[in-house]
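Inspection log for the structure reproduced underneath, given as structure tokens.
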Amino acid sequence: MNLDYPIWHPYTQMQTAGMPIKIVRGEKEFLYDEYENSYIDAISSWWVNLHGHAHPTIAKAIYEQAQQLEQVIFAGFTHQPAINLAELLLQRIPFHQKIFYSDNGSTAVEVAIKMALQYWKNKGEQRHKIICFTDSYHGDTFGSMSVSARGVFTQPYQELLFEVCFIDTPTNDNSTAVTAQLEAHLNSNTVAAFIFEPLVLGSAGMLMYSAETLNTLLEICRQKNVLTIADEVFTGFGRTGKFLATDYCSQKPDIICLSKGITGGFMPFAATTCTQEVYEQFLSPEKTKMLFHGHSYAGNPLGCAAAIASLQIFESEKTFEKIKQIIPLHQQFAQAMRAHPTVHSVRQHGTILALEVKNKLRTGYLNPLSDSLKKFALEQGVLLRPLGNVVYIVPPYCISAQSLQQVYGCITAFLDKQ
Ligand SMILES: *Cc1c(COP(=O)(O)O)cnc(C)c1O
């Protein structure tokens, strides 16, 4: 890194990282640097992009909205794009009636946590415990870190994180134990909420568990009257093959967090949706019962316009057909990789594919395999960013079969020389 480079980058050891690649434009699944080198964006630029880079429909929607109204205070004022988006999103989440806007995944989670805690306060009940999975990741702000795994991401701040109740992350063979752990916590009647990443724990290394298990956990919470919060920040908007990952379950969460793909990957934007029941606990003649939360850019009209355009693309470009075409290719590659001598395990759900590479070294996020594969892939014109020794593909839905094969080939070539 040049000493006079002025930017401090996220999740980057600035001393050892090389100079970042300067990207000047994007189109479909491709990013282009200042020398016109192209990179297939196999991770949707940190899981946000859905329909391709610089998609003209979304770009136009933002441009036209910016000429009308770029931003307005969202207390005491509203605007048509915010209302239209609320209606469109709630149509797809018919068991929810209200939507609260914010501007990133971590804040969507903060809002959900504060809704759940204050819900019980407003009801006059002493419930403040939150249950989460031991490997969960819900964001980088203090509340969202508190409900996340105690690990390398949170270690420097751990003294100040609030206490939560952890239950094991579900796997293929521990669902009885996890269910029992949840039930044991719920016996105390002090639990406010259970927060979870539905079906796929992204940052933990694309850990996956069954909808059946999740359904059981949701059912138990429902019986004990405990609020459930689905963090769909990553899994939402078609990632797992349905609009939401919780669409695979018959039991429904009380609160849902959405961000990342919400604008098709164009704008920092987020939403937290909830049931009428949750909302009504905040209604009172007393101002003290209102939700004490708001961000400067809440309900930003440009974000709303981008999100509406993205939802329209789902229809006009038959995005779910594109998703359906990715899945069998992923499955085929997954099958081939299961036999590869360097591969420990393969996980796939919808458009998400992950390979856990065998490694003698300490596994986990700091595993050096990540840097070596990242470098190898860039040289081949592929953008990958493994989570330690977990190599994953989370492509934009517009990716061509040819580009996907190139990504598979790149990973195979790297693993062949291990
Ligand atoms: C990325 C992510 C977040 C945090 O979103 P940011 O926009 O990065 O703050 C929260 N929850 C899940 C499941 C995520 O994958």
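The values are calculated or read from the model by the stated rules, or taken from the named source; none is laboratory data. Since this is a predicted model, take the numbers as computed values, not measurements. Backbone-built Cβ (ideal geometry, glycine too); neighbour counts: all protein chains shown. Keep in mind that these areas ignore ligands, DNA and RNA; they rest on the heavy atoms of the full protein, side chains included. Shrake-Rupley method; radii C 1.70, N 1.55, O 1.52, S 1.80 Å.
Averaging 1/r over every pair of different alpha carbons in region 13-89 and inverting the result gives a Kirkwood radius of 15.6 Å.
Using C-alpha pairs below 8 Å separated by at least 6 residues, the relative contact order for region 328-374 is 25 percent. Converting the Cα gyration tensor eigenvalues of region 218-308 into ellipsoid dimensions via √(5λ) gives semi-axes, longest first, of 24, 22, 8 Å. Only one residue of GLN380, GLY264, ALA305 has its Cα farthest out toward the positive end of the dipole of the chain, where Lys and Arg carry +1 and Asp and Glu -1 on Cβ, and that residue is GLN380.
Solvent exposure of the chain amounts to 46 Å² per residue of accessible area, where only protein heavy atoms count and the probe is 1.4 Å. Ellipsoid semi-axes for region 141-247, based on the Cα gyration tensor and the rule √(5λ), read 21, 19, 13 Å when sorted largest first.
Taking other residues whose beta carbon is less than 9 angstrom from the beta carbon of VAL233, and scoring Lys, Arg as +1 and Asp, Glu as -1, yields -2. Over the Cα atoms of region 1-133, each weighted equally, I'd like the Debye log10 I(q)/I(0) at q = 0.11, 0.17 Å⁻¹, rounded to two decimals. These q points yield log10 I(q)/I(0) values of -0.73, -1.21. Reducing region 231-301 and region 328-387 to their Cα centroids gives an inter-centroid distance of 31 Å. Per residue, the convex hull around the alpha carbon atoms of region 63-143 comes to 165 Å³.
Both radii are taken from the alpha-carbon atoms of region 249-365; with Rh as the Kirkwood radius, Rg/Rh is 1.12. Within the chain, which is the longest segment that contains none of the trypsin sites (Lys or Arg not before Pro) sitting in a DSSP loop with at most 12 other Cβ atoms within 10 Å? Segment 23-317 is the longest.
Output the antiparallel fraction of DSSP beta bridges having both residues in region 59-315, as a percent to the nearest 5. Counting DSSP beta bridges with both partners in region 59-315, the antiparallel share is about 45 percent. Within a straight-line Cα-Cα reach of under 29 Å, LYS60 can be paired with the following lysines, leaving aside sequence neighbours fewer than 8 residues apart in one chain: LYS22, LYS28, LYS98, LYS242, LYS260, LYS318, LYS322, LYS324.
Ligands, DNA and RNA excluded, the heavy atoms of ASP173 present near 140 Å² of accessible surface to a 1.4 Å solvent probe.
Near VAL147, once Lys and Arg are set to +1 and Asp and Glu to -1 for all other residues with Cβ below 14 Å from its Cβ, the sum equals -3. Of the Cα atoms belonging to region 188-260, the radius of gyration and Dmax stand at 11.9, 37 Å. Calculated over region 51-197, the projected area of the Cα convex hull averaged across directions stands at 12.9 nm².
Mean silhouette area of region 59-315, derived from the convex hull of its C-alpha atoms and averaged over all directions, reads 13.9 nm². Give me the net charge of SER296's neighbourhood, meaning all other residues with Cβ under 15 Å from the Cβ of SER296; Lys, Arg count +1, Asp, Glu -1. Net charge around SER296: -3. The fraction of accessible area contributed by carbon and sulfur in the chain is 53 percent, rounded to a whole number (1.4 Å probe; ligands and nucleic acids excluded). As a length-normalised measure over Cα pairs under 8 Å and 6 or more apart, the relative contact order of the chain settles at 22 percent. The stretch between GLN223 and ARG92 holds 44.7 nm of extra length on full extension. This uses 0.36 nm per residue minus the Cα-Cα distance.
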